[in-house]
Amino acid sequence: MAADSDRKRQARSEYIYKRKTLAMIGLSVGVSANTVGRWKRAAKAIGDDWDTARAAHMIAGEGLDAVITTVVEEFMIMAQSAIEELKVDARKDRAEQMPIDKRISMMTSLADAMTKMTNSAGKLAPKISELGVAQDVILRLIEFVKENYPEHAHILLRISEPFSEHLVEAYG
């Protein structure tokens, strides 16, 4: 039994402090992912919420800005995936495509969620929002120069990369 409690403790530690998935933890401690999931649920039932502990550790260890950055990055990956799925659906034959009202609803929901996510992130971590604006300004400047002063574009491109690093230092 001592070995089992040691494995549970190790599983909890790997989940919270190393941010491993249940499947990876199962491999590490020699049980199935389902078993680790049962241990996690049983712990929560007696007041030891591994997810809460994981989030608290991340905030304490990396700071709120890092947590918000991670959440925004993950959200944007999911949003991009949803957009790709919509594009794939649009390339299907009409008969196989999802109804247009459903496509519009999905796009509207995604746009709304993205707006809420960026607004929330900006309020919680203003430096991240400032960096995003600064990077957007640089990208717009590059496009402007390419369109209106193409003979200077190569110089701006050479300068923009190190300057972007400077922006990350200032706002990141």
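The numbers here are math on the coordinates, done by the rules we state, and not lab data. These figures come from a predicted structure and were not determined experimentally. Quick reminder, even Gly has a Cβ in these numbers, built from the backbone with ideal geometry, and neighbours come from all protein chains shown.
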Return one number: the angle in degrees, 0 to 90 and rounded to the nearest 10, between the long axis of the Cα atoms of helix 2-17 and the longest principal axis of the Cα atoms of the chain. 20 degrees
Restraint check, LYS18/LYS44; LYS87/LYS116; LYS116/LYS146, Cα-Cα greater than 29 Å: LYS116/LYS146
Along the charge dipole of the chain, which of GLY122, SER164, VAL88 sits closest to the positive end, that is, farthest toward it, with unit charges on the beta carbon of Lys, Arg, Asp and Glu (+1, +1, -1, -1)? VAL88
How big is the chain along each principal axis, measuring the range of its Cα positions in Å and listing the largest first? 74, 52, 29
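Is it possible to state the helix-based mean residue ellipticity at 222 nm for the chain, with each DSSP H run of 4+ residues giving -39500 (n - 2.57), the sum divided by total residues, to the nearest 500 deg cm²/dmol? What is it? Kindly include the intermediate steps, with their values, before the conclusion.
Numbers: 8 runs with 144 residues, N = 172.
-28500 deg cm²/dmol, from helical runs alone.
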Measuring from label point to label point, each 7 Å out along Cα→Cβ, what is the ALA66 to ILE159 span in nm? 3.5 nm
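Once Rh for the range 63-124 is found with the Kirkwood sum over Cα pairs, what is the Stokes-Einstein diffusion coefficient at 37 °C and 0.692 mPa s, in µm²/s?
Values: Rh = 13.0 Å.
For the chosen part, D equals 252 µm²/s.
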May I ask for the longest run of the chain untouched by trypsin sites (Lys or Arg not before Pro) that are loop-located per DSSP and have at most 10 neighbouring C-beta atoms (other than their own) within 10 Å? 1-90
If each of ILE83 and SER28 carries a label point 7 Å out from its Cα toward its Cβ, how far apart are those two points in nm? 3.4 nm
Calculate the FRET efficiency for ARG103 and GLN135 from the Cβ-Cβ distance with a Förster distance of 35 Å, rounded to the nearest 0.05. 0.70
Which of THR118, THR52 has the fewest Cβ neighbours within 10 Å, and the rest in rising order: THR52, THR118
